[in-house]
């Protein structure tokens, strides 16, 4: 069986090849290690020999302790506590040790670990940001995948916590935003809990945010569990419409998780399979033309969830400028082409909706000029084969008819 990463790369490559064949992609921004992965602006799959340090062109290693959270670890340099395992993973290891006599805020340090960031090397502003990871287990463990706004002047510069887990909650992760007037314990967020008492340490999971102007949406394994906008801040300042850099770390102890105890087994490891930032689109956007040379159009150029997607005279407006992401989404006005209610039946309408990572928003453009929703195994279709303006688009069993053929650009 193919690994999840291999399958993901194959799907991206297949999608990108189809898009190129159909004219959907113009000048694409390719992932350095995988030219097929268009629209990926940052990617690390941690390939390399066992014991090697992380790629210094992408990450810097922080060192020292952290008095602010009363964490117990000392973050070391190089590959002492952060190294590749030779199987495509970054391993951040927390150990109960102090081989170099490190000093912490509380005296002689009791633990070592690692913290990496992309400051000065890469910043993101909007897009799909994800990491596939397997977290450690045990009282006092505190792994995190998060971002800080630049320049850092916390909390005014902002913090986006994509995933935090504390060891006393093995089945739960948290996503949170922090900013002026809502920092620390006052952060605004929500939790996601696995069903059936399963622990996040038992397997790899994908933690992500879809970040757009005035909107951040969190998901685990593609399942959305919260969305935040300025309306959630009670009049306080939204500080998330600017560049942020990425951080990966494994803390030990602190105010929130509490310290390790006699039940905690060391060493503990945070395994990271990949980290990627996808812009979610190809630039600068293009028209999608279909029956009678008319365009796929967002009704009234309205970006509200549920707005119909229709056929209309091509007019060059933003409502007809579509971008195709490496994640399989097709986007306009900052939102995604979506099959209503995740339906799979013939005649299910398509609409504009917040990008949420679900199968209802995944599309494949074929060399035959079909636009297919794989979940339904059905084609984007002009209802009733009508060429009238405002004819609603839907999904329908693929027939090869003219009302299911599309040209991008």
√(5λ) per eigenvalue of the Cα gyration tensor, the stretch 288-408, largest first, Å: 18, 17, 13
The chain, relative contact order [Cα under 8 Å, separation at least 6], %: 17 percent
Given (i) 58, 52, 20; (ii) 43, 21, 18; (iii) 54, 21, 18, the label whose value is semi-axes √(5λ) of the Cα gyration tensor in Å derived from this model: (ii)
The stretch 129-173: projected area of the alpha-carbon convex hull, averaged over directions, in nm²: 3.8 nm²
Contact order relative to length of the stretch 215-345, as percent, for alpha carbon pairs under 8 angstrom and 6 or more apart: 16 percent
Ordering of 269-279, 372-382 by packing [mean C-beta count within 10 Å, highest first]: 269-279, 372-382
Potential lengthening between residue 56 and residue 203 on full extension [0.36 nm per residue; Cα-Cα distance subtracted]: 50.1 nm
Folded to 0 to 90 degrees: helix 4-22 orientation relative to the chain principal axis, Cα: 30 degrees
Helical mean residue ellipticity (222 nm; -39500 (n - 2.57) per DSSP H run of 4+; nearest 500) of the chain: -1500 deg cm²/dmol
Separation of the residue 70 and residue 266 label points, Cα + 7 Å toward Cβ, nm: 1.9 nm
Tensor-based shape of the stretch 324-365 (alpha-carbon gyration tensor, a/c under 1.5 rounded, otherwise prolate or oblate): prolate
Computed lengthening from residue 301 to residue 87, 0.36 nm per intervening residue step minus Cα-Cα distance: 72.3 nm
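Values quoted throughout were computed directly from the atomic coordinates according to the rules given, and no laboratory measurement underlies them. Predicted, not measured: the structure shown is a model, and the values here were computed from it. A quick note on method: Cβ atoms are made from the backbone with ideal geometry, for glycine too, and the neighbour counts reach across all protein chains shown.
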